[in-house]
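Since the structure comes first, as structure tokens, the remarks are kept for the end.
Derivation of every value follows stated rules applied to the coordinates shown; laboratory data play no part. What you are looking at is a predicted structure, and each value in this text was computed from that prediction instead of being measured. Neighbour counts are summed over all protein chains in view; Cβ atoms, including those assigned to glycine, are modelled from backbone coordinates with ideal geometry.
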Amino acid sequence: MAFDSKKIDPIDLQPRVAIGVSLPFSGQAIFNSTYTSAEAIKTNLINYFLTGKGERYMNPTFGNGLQALLFDQLTESKVQQIDAVIKADIDFYFPRVEVVNIETEGIPDTNTVTFSMSYKIKDTNIEDELVINFEQ
């Protein structure tokens, strides 16, 4: 009888050891720590989406051009272009993350774009969703 085994990241076996810093920086001591790999991956994804290409010192290819693409006329072809760019970049920078669904919704009255992405981490049972609001 076969069964589906899931891997547990060794980092998650030590529950009181911080492995990263979460976003936003609004904790009691400025920085809130992350204690699981799922929290760390979500924080890394947020950092990636809020970083534009060329912004990171010594790593100019990190980040995406999402903010530049979002405030063009939001048509169906533009949404497909955004989805394709995101999936390609996620595959390159986050090989453990598998994109399940991407939704981009523009609200022209308030110049706001809501971006949501549901994802799962390969070889684990971890699934999560990320929602980011971009305002111009």
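Brief remarks follow.
- Backbone geometry of the stretch 99-115 corresponds, through the Karplus equation with coefficients 6.51, -1.76 and 1.60 at θ = phi - 60°, to 3J(HN,Hα) couplings of 6, 9, 8, 10, 10, 10, 10, x, 10, x, 5, 10, 6, 10, 10, 9, 10 Hz, x marking Gly and Pro.
- Under a model in which nothing but the beta-carbon of Lys, Arg (+1) and Asp, Glu (-1) is charged, the stretch 34-129 shows a dipole of about 380 debye around its Cα centre.
- For Gly65, residues with placed amide H under 5 Å, excluding near neighbours: Lys53
- For the stretch 31-113, convex hull of alpha carbons as volume per residue, Å³: 128 Å³
- Diffusion constant of the stretch 26-67 at 37 °C, which comes from Stokes-Einstein with the Kirkwood Cα-pair radius and 0.692 mPa s, µm²/s: 283 µm²/s
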